[in-house]
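Report on one structure; see the data block that follows.
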Amino acid sequence: MIPIAFPMIGSDEQKAVVQVLESRHLVQGGVVEEFENSFAKYIGVKHAVATSNGTTALELAIKSSGINDGEIITTPFSFISSSNSILFSGARPVFADINESYTINPDEIEKRVTDKTRAIMPVHLYGNPCDMKSIMEIAERHDLVVIEDSCQAHGAEYNGKKVGSFGVGCFSFYPTKNMTTGEGGIITTDNSDVADTARLLRNHGQDKRYSHKIVGYNYRMTDIAAAIGVQQLRKLDDMNKKRIENAHKLTSGLKNIKGVIIPETKDGLKHVFHQYTVRVNKDFPVSRDELSNILTKNNIGNAVHYPIPIHMQESYKKLGYSESLPISEIFSREVISLPVHPGLTEADIENIIDVIRSVK
Ligand SMILES: *Cc1c(COP(=O)(O)O)cnc(C)c1O
């Protein structure tokens, strides 16, 4: 089976973990700070605050920006965690539809700005940067915070600037992502107030031992996880390079197939291909779900990211969401992700292309 995701874990990660175990400082040793410093430097921001996962990073980023009510405009075409984190903060997600790049459409954001709007949360879906120029302009004009859900976009760039450095950045280190710590997340920001508040909230609101300034959580990252992260970050650019090469190979093999729409990268963007996602429409000989079955039968891992847009999930319908967001709804029926991870061989990629090309 060619897996849809494959964490690249080797002896460097193994040694680093063993070192932490032998030190007995499993949490709140020095490794989390070391990881934070190297991640902040990599993204090009002053501060990074590591957390227990990407969802807690998002939640703390919102709360640390001073938001606990009002509305945050985000995309319905994402993993559920993007908008759940908004609900956890006390704000209400307002959904704006996407464009052909699978990311939030700035014109749709603009239409939804009201007096209640506090922030915009773009999601750099599949590793593809959002239209940050337009989004930052809207944010500036209406005095809104920008929380970038960069959970799929470690190392992605918009006009040479890393995502996660425009607004407050949030990353996840879940095993399928471009780099992993097992479970883990991180907030990136130049704003020292946001970073300080996030540090307090992450650790029971504690400034000194058993002195609690605010009501906080335990959203800490372990030193075991951070040790994996330090090693993974050193390899991130190479792993992304391999993803991009694999994506180019898939694209040259899959272009010009009737009914298959391949992902495009706009000029000036560095797409890091967390996912290589195509659309299968009615001009293809079989349905998207049928193609998925054919791939699985041929031992090729595949997945639908995501089959139900967030506003149509049962949990959100119960909250009263009933608006129609047509592009997200159409794309959710057409998208399918193919393996693109750095562990693929040349033969794997040829196999994927051959199987799709031979569907009649
Ligand atoms: C993975 C992911 C998250 C959440 O990360 P966890 O570490 O799983 O909590 C949030 N948003 C997006 C778009 C993601 O892909």
When the convex hull of the Cα atoms of the stretch 11-232 is projected onto a plane and the area is averaged over all directions, what value comes out in nm²? 11.7
Could you run the Karplus curve 6.51 cos²θ - 1.76 cosθ + 1.60 with θ = phi - 60° over the stretch 199-206 and give me ³J(HN,Hα) per residue in whole Hz, x for Gly and Pro? 4, 5, 4, 5, 10, 6, x, 8
Pick out, from 127, 26, 1, the residue whose Cα sits farthest towards the positive end of the charge dipole of the stretch 1-138, with +1 on the Cβ of Lys and Arg and -1 on the Cβ of Asp and Glu. 26
Counting pairs of alpha carbon atoms under 8 Å apart in space and at least six apart in sequence, what relative contact order in percent does the chain give? 22
Can you give me the long-range amide H partners of residue 170? Hydrogens built in the peptide plane at 1.01 Å from N, cutoff under 5 Å, separation of 5 or more residues or another chain. 148, 150, 188
From DSSP H assignment alone, runs of 4+ in the chain each adding -39500 (n - 2.57), the sum over residues rounded to the nearest 500 puts [θ] at 222 nm at -12000 deg cm²/dmol
Find, among the chymotrypsin sites (Phe, Trp or Tyr not before Pro) in the stretch 199-263, those assigned to loop by DSSP (not H, G, I, E, B) with at most 13 other beta-carbon atoms within 10 angstrom. 210
Hydrodynamic radius (Kirkwood) for the stretch 237-357, which is based on Cα pairs only, to one decimal in Å: 15.6
Given H placed 1.01 Å from N in the peptide plane, which residues other than close sequence neighbours of residue 178 have an amide H under 5 Å from its amide H? 154
Express the accessible area of the chain per residue in Å², computed with a 1.4 Å probe while the remaining protein chains stay in the model. 44
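Give me the percent of DSSP beta bridges within the chain that run antiparallel, rounded to the nearest 5.
60
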Residue-ordered couplings for the stretch 87-101, obtained by feeding phi - 60° into the Karplus form 6.51 cos²θ - 1.76 cosθ + 1.60 and rounding to whole Hz (Gly and Pro as x), are 4, 4, 6, x, 8, 10, x, 10, 8, 10, 5, 9, 10, 4, 8
Answer in debye to the nearest 20: the dipole magnitude of the chain about its Cα centre, from +1 Lys/Arg and -1 Asp/Glu charges placed on Cβ, is 400
Have a look at 341, 303, 315 and report the one farthest towards the positive end of the charge dipole of the stretch 237-357, computed about the Cα centre with Cβ charges (Lys/Arg +1, Asp/Glu -1). 315
Using θ = phi - 60° and Karplus 6.51 cos²θ - 1.76 cosθ + 1.60, couplings along the stretch 3-19 (whole Hz; Gly, Pro as x): x, 6, 9, 8, x, 8, 10, x, 5, 4, 5, 4, 4, 5, 5, 4, 4
In whole percent, what relative contact order does the stretch 237-357 give with Cα contacts below 8 Å and a gap of six or more residues? 35
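The values are calculated or read from the model by the stated rules, or taken from the named source; none is laboratory data. Just so it is clear, the model here is predicted, and its values are computed rather than measured. Ideal geometry is used to build each Cβ from the backbone, glycine not excepted, and the neighbour counts take in all protein chains shown. Surface areas here come from the heavy atoms of the whole protein model, side chains and all, with no ligands, DNA or RNA. Shrake-Rupley method; radii C 1.70, N 1.55, O 1.52, S 1.80 Å.
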